[in-house]
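Following: one structure in structure tokens, then a few remarks.
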Amino acid sequence: MTQSRFTKSGMLKRRDILKGSAALGVTGLLGAGLAPSFANASTPKKGGKFTVALGHGSTTDTLDPELNTGTGFHATLGFTIHNFLVETDYKGNAIPELAESWEASSDAKVWTFKIRKGVEFHDGRSVMPKDVLNSINIHRREDTKSSLKPVLSSITDVAIDGDNVVITLAGGNADLPYIMADFRLPILPAEGEGVDWKNGVGAGAYMLKDFDPGVSANCARNPNYWKSDRAHFDEVEILTIADQAARTNALVTGVVDAIDRVDLNTVDLMKRSGNVKVIETNGGTHYTLPMNATAAPFDDVNVRLALKYAVDRQAIVDTILSGYGSVANDQPLAPTHKYYNAELEQHTYDPDKAKFYLDKAGVSNLSVEIDVADAAYAGAVDTAVLFSEHAKAAGIDLKVNRHPNDGYWSKVWMQKSWSASYWGGQPTADLAMSQAFQSESSWNEGFWKNDKFDQLLVTARAELNEAKRKEMYGEMQRLISEEGSVIIPMFASNVYAISDGIQHGELEPRWALDTRRCAERWWHA
């Protein structure tokens, strides 16, 4: 098989949260006619095989939705073989998928999703409200291992009402449809009180033929797919090629049709290739350096501030991202986000200010360690090395411990006191903040707990007044930036590459590869 040509080393295990930036009105009823635009593209045609190579994948990957690790491989495979209640389009809007339409009560606490009729799973079973109910509830069970549990914690009841699924919340949430579009929430066939996931049966554009975790997945077009304007390829192959050079070579030589995680050091050379198109989108992806706020010395906010002023962010953007990104300010909302707080003081490289905060912490010379691997993001190790050089001027001795890529997410991230990480852009401020910073979230990578932040998060979630919402999200950004335990030095553009023989419509920018829906949306020229 094709994948045998490539190395299997350096595979990573992690999440890639599907989302971007948009707001949703809660009183309207969304109809089935909404769909992403395909303007400025050739007319799609059927046929051929599409092969995509990803810098993600692990031998421990599984089809079990409760154990979705959130890697780009998981998301890409999920959007290839499954459907979801809700989809997001290239403008960041929530649009119908298996939910034909939805409406909310005036307080955004009760949501009614009308389930589309006539859709079948790959094995011929009809998609029914019971499938939707079970697919949601497996993430809500007391003993679930799902990382979605805290995200769905505000749900008090999921019930069936004829053709509808009614979701009741403890408090209003104007953004619930976006949660229903989460790549960890595929709609699967009901089996008892659980779901049937073992064979990869879904309702998506392609049927899973074989799955070799950490190596490949092979799929064939679903002949009964209900979206007539999607699923143009006959076959889809998703490969893990963790080695960046091998992944690039596979595209340039025509072995694969698309790759993610382009080497930014050679991207200009790739652009000059006659058979490759390099695509750059800005969707709020950010790279992070989370510190454990419960472990010394990171339990002192003054030490955390000292470190935030001890890194030259622009130098890192220029060196690590080759300019394909922008400086960040230790909070997750990009300047393009509707709730971005432009009034926050930018943390700049200021060794004297770093020393000032070390003095406040009662530390004359700080010695710390950071544990990293390029599994976190391409250039994570070099980021730490640069940081170490920058920090010397502030009297900070920063030791960089490099780890193997394989096993990084299970053995280093959230296990060591200081590490590296990455997050994809989110469609809502609530999702960006609740998953990474809410006290009880299983992905609160900085182990930061702030009662005021948690309270604001709940209040803003239910607030329908845009001005008040913006004010609350602005204050939450301030709390994360000034008091939080995660250094966010940069926003990274999504840079990926495709063969010039691949066509597409308007691209969804939040993640690479059309926010991982490339197999369903693209076609051969």
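No lab work stands behind these numbers, since they all come straight from the coordinates. A quick note: this is a predicted structure, and the numbers were derived from the prediction, not measured. Cβ: placed from backbone, ideal geometry, glycine included. Neighbour counts: every protein chain shown.
Numerical summary
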read-out	value
Full-extension gain in nm, Glu369 to Glu483, via 0.36 nm per residue minus C-alpha separation	39.0 nm
5 angstrom amide H check on Glu120, placed H, neighbours 5+ away	Val127
Tensor-based shape of the stretch 306-346 (alpha-carbon gyration tensor, a/c under 1.5 rounded, otherwise prolate or oblate)	oblate
Whole-Hz ³J(HN,Hα) from phi, Karplus 6.51 cos²θ - 1.76 cosθ + 1.60, for the stretch 204-220, glycine and proline x	x, 5, 10, 9, 6, 9, 7, 9, 10, x, x, 10, 6, 9, 10, 9, 10
Whole-angstrom Cα spans of the stretch 286-492 along principal axes, big to small	47, 39, 32
The stretch 370-525: equivalent-ellipsoid semi-axes (sqrt of 5 x gyration tensor eigenvalues, Cα, Å)	29, 27, 14
Calculated from backbone phi, Karplus (6.51, -1.76, 1.60) coupling profile of the stretch 480-494 in Hz, x at Gly/Pro	5, 5, 8, 10, x, 10, 10, 8, 10, x, 7, 9, 10, 5, 7
Built amide H within the under 5 Å cut-off of Tyr422, gap 5+	Thr288
Tyr340, Tyr473 arranged by Cβ crowding within 10 Å, fewest neighbours leading	Tyr340, Tyr473
Helix-derived mean residue ellipticity, 222 nm - over the chain, DSSP H n ≥ 4, -39500 (n - 2.57), to 500	-6500 deg cm²/dmol
For the chain, the longest site-free run once GluC sites (Glu not before Pro) in DSSP loop states with at most 11 other Cβ atoms within 10 Å are removed	194-342
Low-density loop positions, trypsin sites (Lys or Arg not before Pro), the stretch 244-343 - DSSP coil, at most 12 other Cβ in 10 Å	Arg272
Full-extension gain in nm, Arg141 to Glu389, via 0.36 nm per residue minus C-alpha separation	84.6 nm
Cα shape, the stretch 76-180, gyration tensor, a/c 1.5 rule	rounded
Under Karplus coefficients 6.51, -1.76 and 1.60, residue-wise ³J(HN,Hα) of the stretch 404-417 in Hz, glycine/proline x	x, 5, 5, x, 4, 6, 9, 10, 10, 4, 6, 10, 8, 5
Cut-off 16 Å (backbone N to label point 7 Å along Cα→Cβ of Glu466), residues of the stretch 428-456	428-429
On Cα atoms only, tilt of 351-360 relative to the major axis of the chain in degrees	80
For the stretch 299-349: relative contact order, % (alpha-carbon pairs under 8 angstrom, 6 or more apart)	41
Rounded, prolate or oblate (a/c below 1.5 giving rounded, otherwise prolate when a/b exceeds b/c) for the chain by Cα gyration tensor	oblate
Positive-end extreme of charge dipole, the chain - chosen from Thr240, Ile138, Ala99 (charges on Cβ)	Thr240
